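To start, the structure itself, in structure tokens.
The values are calculated or read from the model by the stated rules, or taken from the named source; none is laboratory data. Note that the coordinates shown come from a computational prediction; the quantities given were computed from them, not determined experimentally. Cβ placement follows ideal geometry from the backbone for every residue including glycine, while neighbour counts extend to all protein chains displayed.
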Ligand code: B16
Ligand code: MG
């Protein structure tokens with residue numbers, strides 16, 4: 001039985017829903033390149049890094065680009081995305097997210113952010129919750145994408161908590177796999193059909209509390 005000493009939260013899809021802004025910016029880029037993609041396709045980009053997302057999108061459009069061209073396209077998309085997230089307000093925090101992170105802190109559980117995004121600092125600041133995370137590990141600090149556990153292991157290390165005492169909150173299957181690969185428990189945010197490998201799946205952070213979190217102490221570290 002490993003005591004839960006830290007919670008590590010993914011950002012997009014767990015704390016805020018920035019997927020809609022990513023979608024608008026990528027769609028605008030695809031349209032400028034002469035093709036389109038659907039919101040259904042956009043699901044495949046959740047939790048995926050910026051350059052890996054671009055590769056997927058270019059594949060859907062049947063386009064091949066050089067590394068230099070790709071960097072220019074990713075920068076163009078990111079400028080539109082940053083414009084949109086700079087307008088975000090605290091109203092965009094997902095239901096229960098702020099309250100649950102606060103409850104963790106009150107219960108003496110350490111908190112970290114573990115996100116693929118290189119824009120996490122701007123988002124946390126705009127929605128006014130940057131002070132709630134003891135540690136922020138994001139796309140600027142990691143080189144290996146989820147399902148590699150790097151982002152969560154770095155979070156655990158910075159918090160000074162062994163992986164077996166951490167719980168990861170994730171909306172993407174690659175993120176749940178990253179938690180398992182890192183020897184951590186996980187809570188899936190979304191549908192059990194997709195996130196069934198997690199120790200527990202809830203529809204949002206409004207559906208969990210410290211009591212339910214503690215119940216996870218009885219479950220195996222590897223799901
Ligand atoms: P950026 P997460 C991920 O955030 C998003 O889900 C994904 O769609 C995005 O491509 C990625 O961040 C990189 O974002 O372009 O801002 O660096 O779910 O890991 O918090
Ligand atoms: Mg996510």
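Whenever a residue of the range 169-187 is outside the structural domain of residue 202 (by TED's automatic domain parsing), it has no partner that is in a strand (DSSP E or B) lying with C-beta atoms less than 6 angstrom away and at least six residues away or across chains. Within the range 134-146, the residues that satisfy the criterion of being more than 19 Å from residue 19 (Cβ to Cβ) and either surrounded by fewer than 24 Cβ atoms within 10 Å (Cβ to Cβ) or modelled with pLDDT under 95 (or both) are 134, 135, 136, 140, 141, 142, 143, 144.
Of all the listed residues (85, 93), the sole one being surrounded by 16 or more Cβ atoms within 10 Å (Cβ to Cβ) and within 18 Å of residue 170 (Cα to Cα) is 93.
The lone criterion from (1) outside any helix (DSSP H, G or I); (2) away from ligand 1 (no atom under 13 Å from the Cβ) left unmet by residue 139 is number (2). Scan the range 181-209 for residues that are surrounded by 15 or more Cβ atoms within 10 Å (Cβ to Cβ), assigned to a helix (DSSP H, G or I) and more than 15 Å from the chain's Cα centre (by Cα) and the total you get is 3.
Consider the range 1-33 and keep the residues that are assigned to a helix (DSSP H, G or I) and in contact (Cβ under 8 Å) with a residue 60 or more places away in the chain. The one that is nearest to ligand 2 (Cβ to nearest atom) is 21.
Summed over the range 76-116, the residues that are under 24 Å from residue 208 (Cα atoms) and outside any loop (DSSP other than H, G, I, E, B) give a count of 19. Which count do you get for residues in the range 62-109 that are in contact (Cβ under 8 Å) with a residue 24 or more places away in the chain and under 30 Å from residue 3 (Cα atoms)? Within the range 62-109, residues that are in contact (Cβ under 8 Å) with a residue 24 or more places away in the chain and under 30 Å from residue 3 (Cα atoms) number 15. Applying the condition of being part of a helix (DSSP H, G or I) and surrounded by 13 or more Cβ atoms within 10 Å (Cβ to Cβ) to the range 34-51 and asking which residue is farthest from ligand 1 (Cβ to nearest atom) yields 41.
Note on the range 159-180: among residues that are within 16 Å of ligand 2 (Cβ to nearest atom) and within 16 Å of residue 100 (Cβ to Cβ), the one that is surrounded by the most Cβ atoms within 10 Å (Cβ to Cβ) is 168. Residue-level analysis places residue 112 outside the set of residues that are free of Cβ contacts under 8 Å to residues at least 40 places away in the same chain, closer than 21 Å to residue 221 by Cβ and within 16 Å of ligand 2 (Cβ to nearest atom). The requirement of being over 15 Å from the mean Cα position of the chain (by Cα), part of a helix (DSSP H, G or I) and more than 30 Å from residue 5 (Cα to Cα) is fulfilled nowhere in the range 117-127; no residue meets it.
Among all positions in the range 113-130, there is no residue which is surrounded by fewer than 20 Cβ atoms within 10 Å (Cβ to Cβ), modelled with pLDDT under 95 and closer than 23 Å to residue 17 by Cβ.
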